[in-house]
Amino acid sequence: MADIVLDHIDKIYDNGYHAITDLNLEIQDGEFMVMVGPSGCGKSTALRMVAGLEDISEGELRIGGERMNERAPRDRDIAMVFQSYALYPHLSVFDNIAFGLKLRKLPKAEVKERVERAAATLDLTEYLDRRPKALSGGQRQRVAMGRAIVREPRAFLMDEPLSNLDAKLRGQMRAEIAKLQNELGVTTMYVTHDQVEAMTMGDRVAVIDKGVLQQVASPRDLYLDPDNIFVAGFMGSPPMNMALTTVERDGDHLVAEFGGARVAIAPQLLERRPALDRYVGRRVAMGVRPEDVKECEEHRDWPSDQRLTVTVDLVEALGSGIEIHFPVPAPRVQSAQTLAAEEARAASDAATPDADGSAGGSSGQAEAPASGQNMWIGMFGPRSFVRLADTIEVGIDTAQAYFFDLDTGLAIRD
Amino acid sequence: MSELGERAAIGETRVEEARAAEVSGGGSGFTGPSGTKRGFGGWFADTGWRHIVALFALVFALFPVYWVVTGAFSSSGNLSTQQLVPDSLSLDNFRALLSDPGHPPFWTWFWNSMVVCFVTSLGTVVLCALGAYAFSRQRFKGRRPGMLTLLFIQMFPNSVAVVAIFLVLQRIGDVFPALGLGQLSSLTLVYLGGAIGIQTWLIKGFFDSIPHELDESAKVDGATHFQIFYKVILPLAVPILVVVFLLQFIVTINELILAEALLRGNEGNYTLALGLSRYVNAGFDSRWGPFAAGSIISGLPILAIFYFAQRYIVSGLTAGAVKG
């Protein structure tokens, strides 16, 4: 077991493509680090560089304090799980799992004992004599896991190991892998494009876009305190509502001008994010999580200056809650970063059609540009009576709102 | 909707045809694909003519085989008197070839051919698989030019270079007689050289279809390049290796031009093809029967190899490696 340090890592391909720019990442010993980002963002490349399957153009990779740049994959003492599983089709499950041990010339008895222990951990004991083609997708995935854990390596590297499974199995394996990693305590780097996996599995999550690390934080911090507009738009399902607003001063407090309507900014937010004061009179991007859009029917004492009157465009009952979609008069935020986040979401939704119930809602959001309207989503309680085409008042919990600088895309904090 | 309508219309015309046939008395009960009865004419236009073509192709392909087999077992042993259906069968021709006084050294030729064919085929498989692995999996300077060179050289058959090869072997023989003219070892080497190009391409094509993740997975698991080749790629490529072995065996056992040029004058080192060809040319008409008998015996090893190899020549051996 060991920590993994990526120190100013760059990857430039022979054709000049700059896949990764100045990646700095420290993965603690025993930590479960998830790297998430849209496809083609370089997260797999980063993982393959740690594995030794790609050369490192610049920077230093250290595992357990030792420089790894020049070492062959077999000398790095790491195990990797591939998206396609990469099982050896001509070998039985036993031999697949034992492959790495036999290469290391371990005594036969020990190989047998370790393979059987790994198989027992993964419920594979009865399949040890089978060939991979006689296994189901979930079982193959488990064999791939078995091949990794039997080696007892210093680190696991997993490259989208669940994306070939169906939704139900994926949820199940998600929990199993997280549990297994927790028990074994092996440092793990896990690459995925699925933000649900990222949120549920990682001790910490690294969000990457276009080869640049956007933010590394715990899932909670990533969700509640995104560094920039890309992270804010990418994490969370349904996604964060965004609109272009102008911050104005109205007496002793600030308001967000909202295409005619005005929403007062709660003083608590200003205490937490004093820098907002400097943005008075400027255009900013405002973000509100769907759960911070309140149904005024239920919150009767919601401050009247933090409300919007809207017409419901779509109602999606999810059982545990109701997702309502409504247009807001303020224009959409269309910077390169938000577009990237939207594309990334659309791609990941397409790849995982029913990752969970709420993913369907976000694809609705992705279609919004066609109408040109800025569609927002509110999460109401399951007992709400809101119906299609109703005109209702929604409360905006501006104490939990986010503001982003339009030039830099960074969160406005302090 | 319109497609359905069309189909219904076709069905109706078929029924009408069948009725017309019945009325005219020609309805002898041929059943078409749609289950309707129709006349012989309709059946022939649809299906029957294919049988004629197939029969013609069969006769075309099998007649030479039939001719050789009856030639070998007929009692006359003479090309000019051989009949389409022989009067009587006998093993006289085999006796004339193998045991009668003055018979040729057939078993020596047979043994020579077996040695040359096995060594050549095995060598081809090993060398070409190694080369194909490098071309398929490694990236190095000169990879593409190397592959193209192989291809271009392959376009000229070995026999084009027969004079050059003859001269080279003559010189080598001056220094190192074991690899000179008239030697089976030198013939084997020449065959090996001629085989490598196209077979390397063939094997490389198969290697390319084996997912790279398997290599990478083995690499991370701790395998060296040779271990990847030996433990992962080779077992998965068995079908193509068997095919290459078989093709090379057949080509080699039938090869005549190079053998004739290089083994000339050393009858003890003749291969089957060369020995039999010289034997029959010395008296084509009277030696036709024994020659046919020898041809049949020389076909048996190929048959045997094919019989044992066919279970390896199965597709889909890579199924289950990656989710398809």
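The values are calculated or read from the model by the stated rules, or taken from the named source; none is laboratory data. These numbers come from a predicted model, not from an experiment. Cβ sites come from the backbone with ideal geometry, for glycine too, and all protein chains shown count toward neighbours.
Points worth noting:
- Residue in segment B:310-319 that is more than 14 Å from chain A (Cβ to nearest Cβ), in a helix (DSSP H, G or I) and out of contact with any strand residue (DSSP E or B) (no Cβ under 8 Å at 6 or more places or on another chain) present: no
- A Cβ distance below 9 Å, combined with a sequence gap of six or more or placement on separate chains, defines the contacts here; from segment A:82-94, residues that are facing chain B (nearest Cβ under 7 Å) and without any contact (Cβ under 8 Å) to a residue 60 or more places away in the chain reach residues that are assigned to a loop (DSSP other than H, G, I, E, B) and among the hydroxyl-bearing types (Ser, Thr, Tyr) in the pairs A:Pro89/B:Thr318; A:His90/B:Thr318.
- Among the conditions (1) more than 13 Å from chain B (Cβ to nearest Cβ); (2) crowded, with 17+ Cβ neighbours inside 10 Å; (3) of a type in the set (Lys, Arg), the only one that A:Arg117 does not satisfy is (2).
- For segment B:266-321, filtering for residues that are modelled with pLDDT under 80 and either under 20 Å from B:Leu241 (Cα atoms) or buried (at least 21 other Cβ atoms within 10 Å of the Cβ) (or both) leaves 11.
- Selection status of B:Thr224, in contact with a helix residue (DSSP H, G or I) (Cβ under 9 Å, 6 or more places away or on another chain), closer than 30 Å to A:Pro161 by Cβ and of a type outside the set (Lys, Arg): yes
- Residue check, A:Lys112 within 12 Å of chain B (Cβ to nearest Cβ), over 25 Å from the mean Cα position of the chain (by Cα) and not aliphatic (A, V, I, L, M): no
- If only residues of segment B:195-251 that are over 14 Å from the mean Cα position of the chain (by Cα) and aromatic (Phe, Trp, Tyr) are counted, the one that is farthest from the other protein chains (Cβ to nearest Cβ) is B:Trp201.
- Residues of segment B:131-150 satisfying the condition of being among the aromatic types (Phe, Trp, Tyr) and either within 21 Å of B:Ala309 (Cβ to Cβ) or not in a helix (DSSP H, G or I) (or both): B:Phe140
- Selected residue (only one of B:Pro101, B:Pro105, B:Pro145, B:Pro64 is more than 20 Å from B:Ile297 (Cα to Cα) and not β-branched (Val, Ile, Thr)): B:Pro145
- Selection status of B:Ala292, under 21 Å from the mean Cα position of the chain (by Cα) and either in a helix (DSSP H, G or I) or β-branched (Val, Ile, Thr) (or both): yes
- The listed residue being touching a residue at least 12 places away in the same chain (Cβ under 8 Å) and within 30 Å of A:Leu101 (Cβ to Cβ), out of B:Ile233, B:Ile296: B:Ile233
Results for (1) crowded, with 18+ Cβ neighbours inside 10 Å; (2) in contact with a Ser or Thr (Cβ under 6 Å, 6 or more places away or on another chain); (3) part of a helix (DSSP H, G or I), shown as yes or no for each residue.
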position: B:Asn112; (1), (2), (3): yes, yes, yes
position: B:Phe118; (1), (2), (3): no, no, yes
position: B:Ala129; (1), (2), (3): yes, no, yes
position: B:Phe152; (1), (2), (3): no, no, yes
position: B:Ser159; (1), (2), (3): no, no, yes
position: B:Leu169; (1), (2), (3): yes, yes, yes
position: B:Ser185; (1), (2), (3): no, no, yes
position: B:Thr188; (1), (2), (3): yes, yes, yes
position: B:Tyr191; (1), (2), (3): yes, yes, yes
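- Pair list, Cβ under 7 Å, 6 or more apart: segment A:369-389 residue over 14 Å from A:His299 (Cα atoms) and assigned to a strand (DSSP E or B), other residue basic (Lys, Arg) and at pLDDT below 90: A:Asn374/A:Arg332
- In segment A:35-51, residue farthest from the other protein chains (Cβ to nearest Cβ) [restricted to those that are under 14 Å from A:Gln195 (Cα atoms) and aliphatic (A, V, I, L, M)]: A:Val36
- Failed item, numbered, when A:Glu66 is tested on (1) over 22 Å from the mean Cα position of the chain (by Cα); (2) more than 14 Å from chain B (Cβ to nearest Cβ); (3) in contact (Cβ under 8 Å) with a residue 40 or more places away in the chain: (3)
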